[in-house]
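Have a look at the structure below before the remarks.
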Amino acid sequence: MPEKAYIEAIHDALIEEMDRLPTMMVLGEDIQEGGVFRVTDGMLQRYGPQRVLDTPLAESSIVGISIGLATNGCVPVAEIQFADFAFPAFNQIISEAARWRYRSYNGWGCPIVVRAPFGAGIRGALYHSQSIEAMLAHVPGLKVVVPSTPYDAKGLLKAAIRDPDPVIYFEHKKAYRLLKADVPDGDYVVPIGEAALRREGDDITVISYGLMAHECLQAAEELAAEGIDATVLDLRTLAPLDRDAILEAARRTGKVLIVHEDNLTGGIGGEIAAIIAEHAFDDLDAPVRRLASPDVPAMPFNAAGEDYCLPSRAKIAAAMRALAAY
Amino acid sequence: MVRARESRSHTAATKLHLAMYRDMLRSRELSDRMFALNRQGRAAFAVTGQGHEAAQVGSAHAIKRGTDWVLPYYRDVGVMLALGMSPYDVLLGLFAKAGDPSSGGRQMPCHWSWPEARVVTRSSVIAANLPHAAGVAYASKLRGLKEVSICYFGEGATSEGDFHEAMNFASIHKLPVVFFCENNGYAISESSEKQMAVRHVADRAKGYNMIGQTVDGNDVIAVHQTTHWNIEECRRGRGPKLIEAKTYRLSPHTSSDDDRRYRTRAELEEWIKRDPIDRFRKRLFEEETLTEEEDAELRAEAKREIAAAVEAAERAPDPAPEDALRYVFAPPPEDA
């Protein structure tokens, strides 16, 4: 099985689906040149400028046009250059795409995919670092996925493209070239809505997603050497949440730490903690803990400031030790 | 123009004129009834477009139904009747009934969706449907289909960013889309001077290298001819168009609005004198397309039709309350 970088896996999914679907399009800013991260590299040459469409710098209409394309039989995959720039498109995503089916009583569907690089750790400062997933996971009618491995990146993107409803696909920009792993050639999907058990252990449970899932796994290996055996659950999909997997992982150890780089208040961690409190309270041996970025608007450009804000392997390990000792 | 006695032979033109006149009467009658039903406490909300009948009906009769894509806004009762939606179906929406074809009783009245006539669902958010029209039109072009999209909105919508983004994109790609502005001079209470520094909405087209035309929105034949020309130009691949139909809203913005707060009765009276239905009737009489007896019968027929539709729609079943949970996402195949 060939080893691929996370970014190559995304690229492969796009190419394979474009080959399969003659009405599929990718659209966004700078994508004919391959995009600022080069996800769509070579696609212009392969599919031409009609299907690999450079849009004006206008995020609202990138999504709005995608909705129209999907309404008339196309399969659009829109790229928002950075998740931080999705806010001008929030009306189209929330008021339009998410409600398209509901408000027409299933008269129309809205099968669009919106890809958005997110996340910190690359010195992207306030407007190239944000994690905006919780805001969209809150919205009924949207599916939100956050792959953390090259394998999932390909399989979840294919699932998103084939989904009959709007899917927001967050790809961690620091993961693009950092993560490399085996990715099968050819077709497969990773179903939306299924978490992945990355590690099994009986002492504590760590729940995370995106690049933080890797930090959690590394912290878990560190703690294993100290005799603390952790379960690590990678959510992969934030909407709809895999409640069964969350509850099973929580019940197994009775001690749960949730980790995300999104800021604490109103983050996905709060929802997971509530699910566990409501449905697995009797199985808990400790309060559910959350480790997240502080409630500041976004990451500072200053490196020490960014490191200070972001959860890290060391901070996760410390939180895990404290929880294990509870 | 078809003149005098020739018109009595029911040429295609006279048939069209009579059909448009009938739809204008039905639209006015239905709109008046929807407002009255609100005032009687039988409908929670009404939004209508009395005074817009020439703009709506004239333009909609230029649409190839089932081929062209229509993205109307909440005032477009006349567009929908001209496309063939029945008053009964419109009223199911007014009463939020289960059978409401637009939304199953979910949306406010007149937030149209009708897949079989390619009427695309819309929200209450002004101008949000303009990028949708551009996207639909891009798909038509990409797929090599000879279909045109027409998107309706008021002049207030032209202040929104989505107006600019859609016009810009449509013109860059020479898309088959007609942007149809029903300029009634008011965005709720805000007069045009508060919305734009240009005199005509059509002037905005220049900034996109697009053809923009202003038409007398109270002249149904002028609106029809203008819209027909623009739609067919689009179909021939000549790029997007902006039509501005200048008209006036004779009703308040909605049943919740009191227009006496922001416009004078004298101004309203002036526009009542230019009522597009009265004006068209006069013309049909002059051209001897219509007699007074025929007119009386058409009006009585519209009243009967709407009255019967009100009675039936008000009795139609409500959706089950828990029906509110359906269709957040695509249903599994067995439930579709």
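Here are some notes:
- Taking Cα centre as origin and charging only the Cβ of basic (Lys, Arg, +1) and acidic (Asp, Glu, -1) residues, the dipole magnitude of the protein assembly as shown rounds to 1900 debye.
- Per residue, chain B reaches -13500 deg cm²/dmol at 222 nm when only DSSP H runs of four or more residues are counted, each adding -39500 (n - 2.57).
- Peptide B:122-130, shielding by other chains (average Cβ, 10 Å cutoff): 4
- Principal semi-axes of the equivalent ellipsoid, √(5λ) from the alpha carbon gyration tensor of the stretch A:185-326, are 22, 19, 16 Å from largest down.
- Scattering curve values for the stretch A:135-227, log₁₀ I(q)/I(0), Debye with Cα scatterers, q = 0.14, 0.19, 0.24, 0.25 Å⁻¹: -0.59, -0.98, -1.29, -1.34
- When both the stretch A:53-115 and the stretch A:139-162 are represented by their alpha-carbon centers, they are found 16 Å apart.
- Across the options A:Ser293, A:Thr237, A:Ala280, the greatest Cα extent toward the positive end of the charge dipole of the stretch A:196-324 (unit charges at beta carbon of Lys, Arg, Asp, Glu) belongs to A:Ser293.
- Counts of other chain beta carbons within 10 angstrom of each beta carbon in peptide A:106-115 average 3.
- Ordering of B:49-62, A:53-66 by burial proxy (mean other Cβ atoms within 10 Å per residue, highest first): B:49-62, A:53-66
- Debye intensity ratio I(q)/I(0), log10, the stretch A:3-182, q values 0.08, 0.13, 0.15 Å⁻¹ (C-alpha model): -0.21, -0.58, -0.79
- Order of A:Phe301, B:Phe180 under a 10 Å beta carbon neighbour criterion, fewest first: A:Phe301, B:Phe180
- Chain A, helix-only ellipticity at 222 nm - DSSP H runs n ≥ 4, -39,500 (n - 2.57), divided by all residues, nearest 500: -10000 deg cm²/dmol
- For the stretch A:1-54, the convex hull drawn through the C-alpha positions has a volume of 72 cubic angstrom per residue.
- With a cut-off of 15 Å between beta carbons, the residues surrounding A:Leu264 carry a summed charge of -2, where Lys and Arg count +1 and Asp and Glu -1.
- In this Cβ point-charge picture (+1 for Lys and Arg, -1 for Asp and Glu), chain B has a dipole of about 780 debye about its Cα centre.
- Among A:Cys309, B:Cys181, B:Cys110, a tally of other beta-carbon atoms within 10 Å of each Cβ gives an order, fewest to most, of A:Cys309, B:Cys110, B:Cys181.
- Shape summary: the protein assembly as shown maps onto an equivalent ellipsoid whose semi-axes, from the alpha-carbon gyration tensor, are 54, 26, 21 Å in decreasing order.
- Above-threshold pairs, the threshold being 23 Å between Cα atoms, out of A:Lys158/A:Lys180; B:Lys246/B:Lys282; A:Lys143/A:Lys255; A:Lys154/A:Lys255; A:Lys173/A:Lys315: A:Lys143/A:Lys255; A:Lys154/A:Lys255
- Taken residue by residue and averaged, Cβ atoms of other chains lying within 10 Å of the Cβ of A:172-181 number 0.
- Amide H contacts of B:Ile211: B:Leu242, each under 5 Å away and 5 or more positions distant or on a separate chain (H built 1.01 Å from N in the peptide plane; Pro and chain starts excluded).
- Dipole of the protein assembly as shown, positive direction: furthest Cα of A:Ala83, B:Met210, B:Tyr152, with charges on the beta-carbon: B:Met210
- Sorting A:Met320, A:Met43 from the fewest to the most surrounding beta carbons within 10 angstrom yields A:Met43, A:Met320.
- Membrane-span-like helices in chain A, defined purely by DSSP H runs whose alpha carbon atoms cover 15 Å or more axially and whose average Kyte-Doolittle hydropathy reaches 0.5, are A:59-71, A:268-279, A:313-324.
- Cα centroid separation - the stretch A:204-264 against the stretch B:258-300, whole Å: 70 Å
- Viscosity 1.567 mPa s, temperature 4 °C, Stokes-Einstein D of the stretch B:114-179 from Kirkwood C-alpha radius, µm²/s: 107 µm²/s
- Cα Rg, Dmax (largest Cα-Cα span) when computed across chain B, Å: 19.7, 60
- Ratio Rg/Rh, restricted to chain A and using Cα atoms, in which Rh is the Kirkwood radius: 0.97
Quick note: the coordinates plus some simple rules give every number you see, no bench work behind them. Here the structure is a predicted model, which means the values were calculated and not measured. A quick note on method: Cβ atoms are made from the backbone with ideal geometry, for glycine too, and the neighbour counts reach across all protein chains shown.
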